[in-house]
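The values are calculated or read from the model by the stated rules, or taken from the named source; none is laboratory data. On a predicted model such as this, the values are computed, not experimentally measured, just so you know. Note: ideal-geometry Cβ built from the backbone for every residue, glycine included; neighbour counts use all protein chains shown. Calculation scope for accessible area: heavy atoms of the full protein, side chains included, ligands and nucleic acids excluded. Shrake-Rupley method; radii C 1.70, N 1.55, O 1.52, S 1.80 Å.
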Amino acid sequence: MQVDLIKKAVHILNQGGLVAFPTETVYGLGADASQPQAVQKIFDTKQRPADHPLIVHLASQAQLFDWARVVSPEAYRLAQAFWPGPLTLILPKQEHVLASVTGGQDSIGLRIPAHPVARALLEAFGKGIAAPSANQFTHLSPTTAAAVEEELGAKVDLILDGGACQIGLESTIVDVTGEEAVILRPGMISAEMIAAVLGQVVSYRSEASQRAPGMHHLHYAPMTRTILIRKAAWPDFLRGNADFPLALVTHTAMTVENEHIHRVQMPAQVEPYAHLLYQTLRDLDHQHFACIVIETVPEDAAWDAVRDRLNKASARP
Ligand code: TXA
Ligand code: MG
């Protein structure tokens, strides 16, 4: 990334503008987290409800106490283990933090991303950047600059292009405000990885008890009707299905001979699967299929984040 583009981005942020930038998870829609009007632009641009809190991105742990009032030993251990990286920590917020950033809650989401462009931007800016995923509310998160362009286009002042996001799914969110760490959103930093660092089992907070409304099921969905199907149920489904043409997304071998079915073969390993998932769904969404059928993924914990996003992708009524 050229230095002058980063300079331009910093200037725009200081002026209260919006800069979309790559992170290793997904692209973010960034604004100066300390300027109320700039933060408001994020909500207007995404058409995001005001009570959905934003993640504030930082360059380094030296900035942690600018935003967090308390950092528990558990929080600190997770920060040491996974930052910079695809982890967001929910911490008690400092007094001055804008209510629009936290959705009026007493906590704040903080993340130090690892992507070199995000780091260059955060270091040059020197302050916190509030950044949700750079998509319209409820849409799929963008994992390329072209996808940001498609989602937000002229509404952003600048899009920094850092290529395709390596991970491709949003960060793992861990609430460390209480006595026990709780995962609010699964990501590629798994529950097992977190448990290994903390030396104790961590649980997921169920959606029903979720305070953060951003977790609700309408997130991360293609516009095309999307259905999850176990491989064993596929023959029955096909017999009863009248919705053609359809796209069939599988990660195991399946023989399908039907000219109205478009096959997409995904990798059988979770990392490359996650990396391709949103771009694949976005591409399929452009092709006017009657529906997108996705083979369910393995039950084991390594697939938790992918399974979570597939459940959300198939939740549009
Ligand atoms: O990977 C990511 O996390 C990306 C990149 C750009 O960093 N960002 C992202 O932001 O996914 P967004 O706004 O699309 O999702 C952030 C989620 C929301 O669901 C929100 O509810 C939750 O984080 N969140 C933020 N602050 C919170 C808080 N104080 N308490 C609970 N949840 C919070
Ligand atoms: Mg989002």
Just to confirm the filter: which GluC sites (Glu not before Pro) across region 56-131 are DSSP coil and have at most 16 other Cβ within 10 angstrom of their Cβ?
95
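Can you give the Rg/Rh ratio of the chain, where Rg is from the C-alpha atoms and Rh is the Kirkwood radius?
Rg divided by Rh gives 0.98.
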How would you rank 42-49, 243-250, highest first, on the average number of other Cβ atoms within 10 Å across their residues?
243-250, 42-49
At 1.4 Å probe size, with the rest of the protein present, what percent of the exposed accessible area of the chain is carbon and sulfur atoms?
54
Report the charge-dipole magnitude of the chain in Debye, nearest 20, computed about the Cα centre from +1 at each Lys and Arg Cβ and -1 at each Asp and Glu Cβ.
320
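Which value, in Å², gives the accessible area per residue of region 130-280 when a 1.4 Å probe is used on the protein heavy atoms?
Ligands and nucleic acids excluded, the result is 46 Å² per residue.
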In the chain, what % of DSSP beta bridges are antiparallel (nearest 5)?
40
Tell me, how many Å apart are the Cα centres for region 1-59 and for region 102-180?
8
Please give the FRET efficiency for residue 81 paired with residue 205, using the beta carbon to beta carbon distance and R0 = 22 Å, rounded to the nearest 0.05.
0.60
